[in-house]
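Asks: Starting off with a structure, shown below.
The values are calculated or read from the model by the stated rules, or taken from the named source; none is laboratory data. As the structure is a computational prediction, the values presented were derived from the model and not from experiment. Here the Cβ is made from the backbone with ideal geometry for all residues, glycine too, and neighbour counts use every protein chain on show. Ligands, DNA and RNA are excluded from the accessible area calculation, which covers all protein heavy atoms including side chains. Shrake-Rupley method; radii C 1.70, N 1.55, O 1.52, S 1.80 Å.
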Amino acid sequence: MKNTTVELWKNVHSIKSWHDNPYPTANTLAYYRYHVSPIIGKHNGKLKILDVGCGTGVNTIFFSENGCKAYGCDISKEALLEAGIRAKKLNSSVNFTECSFDNLDYNDSEFDAVFCEGVLYYGSERAFNDGIHEMYRVLRKNGILRVYTKSSNDVWANSKNRISDDTYLVEKGYEKGMTVYSPPLDKINNSFGMFDNVKIGIEEFNYVGLENLKSFWVITAIKLV
């Protein structure tokens, strides 16, 4: 990841300017319901899942409390400290590690499932693709990946903020100054080319005005080799 974006995210967590949702996201629940839950029985209650960019651990803890052996990683010590406190209060057993999504501190073929929500787009196209390759690396054969990431339809994909191909600078909010990558569909297809059974969906919503469309690719993929 770009050093500036890394430092900005660490600062966001250290001053608590990002108000975390205390509940698992809709995407988390859908991934668990349709992809994780059906295969838990095959792993004798020991399905091993990694939450990449886990932040303060809300989604990771949900996986842990619902039949998974859950691991979470993030670049922010402050976020992981909060995640550990939250897990302890809930008596939830989660393993947290400090590392970046493009350099995961885990062994090859270590996880049955990998989840990455709202994380990969913070950085450059290269970091994005490095992150996907890292998640492929740590997945076991037949492992299932879910990625939720900005699309080229998103409000952030504004030509006046463009700094390189499909890469933009955030100008306001707690993410001000961060670099974000918002690729079109053809680049998503290329980036996930090493996976099998790739399913690409999209989620779009707007709660605060028609000019502020939030648009996300929702990618589910299997590693068969």
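Asks: Being at pLDDT 90 or above and either under 16 Å from G143 (Cβ atoms) or surrounded by fewer than 15 Cβ atoms within 10 Å (Cβ to Cβ) (or both) is the filter here, so list the residues in region 18-28 that pass it.
Replies: Selection gives Y23, A26.
Asks: Out of region 149-202, which residues are part of a helix (DSSP H, G or I), closer than 12 Å to F128 by Cβ and hydroxyl-bearing (S, T, Y)?
Replies: S191
Asks: Then there is this: For residues in region 91-141 being farther than 17 Å from T56 by Cβ and of a type in the set (F, W, Y), which is most open to solvent (accessible area, probe 1.4 Å)?
Replies: This residue is Y136.
Asks: Under 6 Å between Cβ atoms, at least 6 apart or on separate chains: pull out the pairs that start in region 46-67 with a residue that is of a type in the set (K, R) and end on any residue that is open to solvent by 10 Å² or more (accessible area, probe 1.4 Å).
Replies: Every condition considered, the pairs that remain are K46/K69; K48/K69; K48/D112.
Asks: Take the residues in region 178-208 that are more than 27 Å from H35 (Cβ to Cβ) and under 20 Å from the mean Cα position of the chain (by Cα), then tell me which one is surrounded by the most Cβ atoms within 10 Å (Cβ to Cβ).
Replies: Of everything passing the filter in region 178-208, M178 is surrounded by the most Cβ atoms within 10 Å (Cβ to Cβ).
Asks: Working carefully through the options I75, I15, find the one that is within 30 Å of R126 (Cβ to Cβ) and modelled with pLDDT of 90 or more.
Replies: That would be I75, the only listed residue that is within 30 Å of R126 (Cβ to Cβ) and modelled with pLDDT of 90 or more.
Asks: While we're looking at this one, here's another question. Please determine whether any residue of region 161-182 is touching a residue at least 60 places away in the same chain (Cβ under 8 Å) and of a type in the set (F, W, Y).
Replies: yes
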